[in-house]
Amino acid sequence: CLDKTPLFLLLWREMGDFVVVNSQKRPRQTDAIAVFCSHIYKKNHDVTKTWKGKTEQLLRVDDHDFTMRPAFGGPAIPVGVDVQVESLDSISEVDMDFTMTLYLRHYWKDERLSFPSTTNKSMTFDGRLVKKIWVPDVFFVHSKRSFIHDTTTDNIMLRVFPDGHVLYSMRITVTAMCNMDFSRFPLDSQTCSLELESYAYTDEDLMLYWKNGNESLKTDEKISLSQFLIQKFHTTSRLAFYSSTGWYNRLYINFTLRRHIFFFLLQTYFPATLMVMLSWVSFWIDRRAVPARVSLGITTVLTMSTIITGVNASMPRVSYIKAVDIYLWVSFVFVFLSVLEYAAVNYLTTVQERKERKLRERFPCTCGIPHSKTMMLDGNYSESDANSLAGYTRNQMAPEEEKQEKMVVHLAMSNESHSSRKRGLKGHVGLRIIQNSHAIDKYSRLIFPGTYIFFNLIYWSVFS
């Protein structure tokens, strides 16, 4: 140590700083410095050079053909598996798949990797040794995309024990297919599975199993999804058969998801219900107010069409009817029927007015007494008409033939005081609304709400 530093001696300390010692100015301290230097060298001696030369020799990597499985030609090698789910990233109804990030761990015994050890401690390596030894060829069945995380380095860990037991762990994100049934959407529950299987080795060469049964699957308690409630995770296993290659062990990670309904209540069900109720307002509008009733009906129809289009845009194009389709299309039918109802009311009103016009032309005078004060009404009269009817008597009757064609209204008003006539006209506005409504409107005010309420009771009792 001192021969290489005749003028100065650099003594490295544990914290990384150093002390510069002039050997010429302090000759008495030479022996002490030499002893101290030797002590530091022994304490911080880098043993990685020794292990670098002995690791492959210790594991005897070059002495065996690791392209062969352990105990080749003998019974199937058991490979235990356990999984820790880190996150359930997304569920896509359009693509019918899910994305999951997990830690996948394999356990097996390879006596070719056993090594002597007095402390019985394992050795841990990164992914570089994986390329030199045999590892199980497990893959994800029905996966669309998957990758091993590589930030900041490949997330692979290999731990070898003195008796040859091996732990092989990876951090993987996988996107796999999930067959979903949307017949009850959005009041549905979906069950998805992530399937693991050996790609090359049949059950005669590799026995894949869950290492600790149902305890082999661990999940993070903080896992949550915006649209789904994760109900349960569980594991299963079974054999899978391929006609060309044979039987394989397959492991399943099953999880059940129940959809949150509140989002769809706010975005779909409530708006649709409000549009149906808004269409009922036209039943209380004067049947002669054509612009008001037509514009209200067309607006509700177009709004319902927009809601239906928006819901279907975020869903796969399935060939069966979904629960939300039933509700939206029934609501659309109710809105559309309210438009047809006014079309019928308007048509019948036009026909009735045409008949009345013909009757007036055929019978210009409705009474047999000239200058009589008889007035024919179809149920519509204004306050000025009512005020002008004072003095009409009950004895002024129309001919009998005319009674069969049209209702003749005779109003007899006595010469009452002005205050009594004023009291009789107070409820005239409300009376006019009732008299001015067609019979179809009156029935629709009861039939439409009652039918829609009955439909909702049946719908929510069946699908909830």
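The values are calculated or read from the model by the stated rules, or taken from the named source; none is laboratory data. All values derive from a computational prediction rather than experimental measurement. Don't worry about glycine lacking a Cβ; one is built from the backbone with ideal geometry, like all the others, and counts go over all protein chains shown. SASA here: full protein model, heavy atoms, side chains in, ligands and nucleic acids out. Shrake-Rupley method; radii C 1.70, N 1.55, O 1.52, S 1.80 Å.
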> Under a Cβ-Cβ cut-off of 12 Å, what is the net charge of the residues other than residue 107 that fall near it, where Lys and Arg count +1 and Asp and Glu count -1?
Replying inline: +2
> Accessible area per residue, 1.4 Å probe, Å², for the range 77-259: what's the number?
Replying inline: 50 Å²
> ³J(HN,Hα) across the range 264-273 via Karplus (A = 6.51, B = -1.76, C = 1.60, θ = phi - 60°), whole Hz, x for Gly/Pro?
Replying inline: 6, 5, 6, 8, 10, 5, 4, x, 5, 5
> Given charges of +1 on the Cβ of Lys and Arg and -1 on the Cβ of Asp and Glu, with all other atoms neutral, how large is the dipole of the range 114-216 about its Cα centre, in debye to the nearest 20?
Replying inline: 480 debye
> Considering only the range 77-259, what is the antiparallel percent among its DSSP beta bridges, to the nearest 5?
Replying inline: 90 percent
> If amide H atoms are built 1.01 Å from N in the plane of the peptide, which residues on other chains or at least 5 residues away come under 5 Å of the amide H of residue 206?
Replying inline: 77
> For the pair residue 71 and residue 242, what calculated FRET efficiency results from E = 1/(1 + (r/R0)^6), where r is the Cβ-Cβ distance and R0 = 22 Å, to the nearest 0.05?
Replying inline: 0.35
>> For residue 260, what accessible surface area do you get with a 1.4 Å probe? Give it in Å², rounded to 10.
In response: 80 Å²
> With every protein chain in place, what's the accessible area of residue 152 (1.4 Å probe, Å², nearest 10)?
Replying inline: 140 Å²
>> Given the whole protein assembly as supplied and a 1.4 Å probe, what does the accessible area of residue 108 come to in Å², nearest 10?
In response: 10 Å²
> When the Karplus curve 6.51 cos²θ - 1.76 cosθ + 1.60 is applied with θ = phi - 60°, which whole-Hz ³J(HN,Hα) does each residue of the range 224-232 get, with x for Gly and Pro?
Replying inline: 8, 10, 6, 9, 10, 10, 6, 7, 6
> Taking K and R as +1 and D and E as -1, what net charge do the other residues with C-beta under 12 Å from the C-beta of residue 341 add up to?
Replying inline: +3
> If R0 is 45 Å, what FRET efficiency do you get for residue 277 and residue 256 from their C-beta distance, rounded to 0.05?
Replying inline: 0.80
> For residue 176, what is the net charge nearby, where nearby means another residue's Cβ is under 13 Å from its Cβ and Lys, Arg count +1, Asp, Glu -1?
Replying inline: -3
> Using the Karplus equation 6.51 cos²θ - 1.76 cosθ + 1.60 (θ = phi - 60°), what ³J(HN,Hα) coupling, rounded to whole Hz, does each residue of the range 116-126 give in order, writing x for Gly and Pro?
Replying inline: x, 8, 7, 9, 6, 9, 8, 10, 10, 10, 9
> Quick one: length gained pulling residue 227 to residue 191 fully straight, 0.36 nm per residue minus the C-alpha distance?
Replying inline: 11.5 nm
>> Under 5 Å between amide hydrogens, which residues at least 5 positions from residue 127 or on another chain qualify, with H placed 1.01 Å from N in the peptide plane?
In response: 156
